[in-house]
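Below: the structure, in structure tokens.
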Amino acid sequence: MSRRKSEITGHMNERDFPHLVELELPPGGFRDQSFELNAFHHERGIPIRRGRGRHEVEQFYVRFCFPDAAIADAFRKRFGGMRWTYSPPTSGQRPSGPRLRYQRSYSPRIVGGKVMTPADLRRLHKYMLEIEGVDAISDEMRAVVESEWPELAHKLPPRKPQG
């Protein structure tokens, strides 16, 4: 499942600013309280950091994230809501935040009159990492390896002289 930037940012805010206050979103939104919310944060010299929202039946909840418990308690006292402390998922649970593993994406390419899909390019990369060296390779395939993975070009045979 892909995630939108706001979901990733909300999760990171909760992780980095673990003292949370969850407020019910009023029917008209926070328009009436926006000045007070901004003033609260401005008085303390902190930016507004929002966590992940939560939807329950017909009610939406918004989380505000704070660097320490005292500020979170003051916010809850002034605006109400429920006070939380973020705790990371325990081992064995699937993390709900952004993926930590980076997977390179490839665009399809035409090589030798045939389409090389991203899956083909991933397999080729894996193969090139596993082998010691290549005995023979076409010029088109050499160009793919040299452009996509220049660090593996040393495994290719020397170029044949043109002429």
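The values are calculated or read from the model by the stated rules, or taken from the named source; none is laboratory data. In this text the structure is predicted, and so the values were computed from the model without any measurement. Neighbour counts run over all protein chains shown; Cβ positions are idealised from the backbone, glycine included.
Looking only at residues in the stretch 17-48 that are charged (D, E, K, R) and without any contact (Cβ under 8 Å) to a residue 40 or more places away in the chain, which one is nearest to residue 67 (Cα to Cα)?
First, the residues of the stretch 17-48 that are charged (D, E, K, R): 22, 24, 31-32, 36, 43-44.
If we keep only those that are without any contact (Cβ under 8 Å) to a residue 40 or more places away in the chain as well, we get 31-32, 43-44.
On the way: 31: 25, 32: 25, 43: 15, 44: 11 Å.
Taking the candidates together, the pick is 44.
It is to be established whether one or more residues within the stretch 53-61 are surrounded by 18 or more Cβ atoms within 10 Å (Cβ to Cβ), within 18 Å of residue 86 (Cβ to Cβ) and touching a Lys or Arg at 6+ places or on another chain (Cβ under 7 Å). So that I can check it myself, show each step before the final result.
Step one: of the stretch 53-61, the residues surrounded by 18 or more Cβ atoms within 10 Å (Cβ to Cβ) are none.
Within the stretch 53-61 (the criterion being surrounded by 18 or more Cβ atoms within 10 Å (Cβ to Cβ), within 18 Å of residue 86 (Cβ to Cβ) and touching a Lys or Arg at 6+ places or on another chain (Cβ under 7 Å)), the answer is no, since none of the residues qualifies.
In this structure, is residue 116 at pLDDT 85 or above, in the same structural domain as residue 146 (by TED's automatic domain parsing) and surrounded by 13 or more Cβ atoms within 10 Å (Cβ to Cβ)? Don't jump to the end; show me each part of the working.
On the way: at pLDDT 85 or above: yes; in the same structural domain as residue 146 (by TED's automatic domain parsing): yes; surrounded by 13 or more Cβ atoms within 10 Å (Cβ to Cβ): yes.
Criteria met by residue 116.
Restricting to the stretch 26-50, and then to whatever is at pLDDT 85 or above and part of a loop (DSSP other than H, G, I, E, B), can you tell me which residue is surrounded by the most Cβ atoms within 10 Å (Cβ to Cβ)?
Only one residue fits best here, namely 49.
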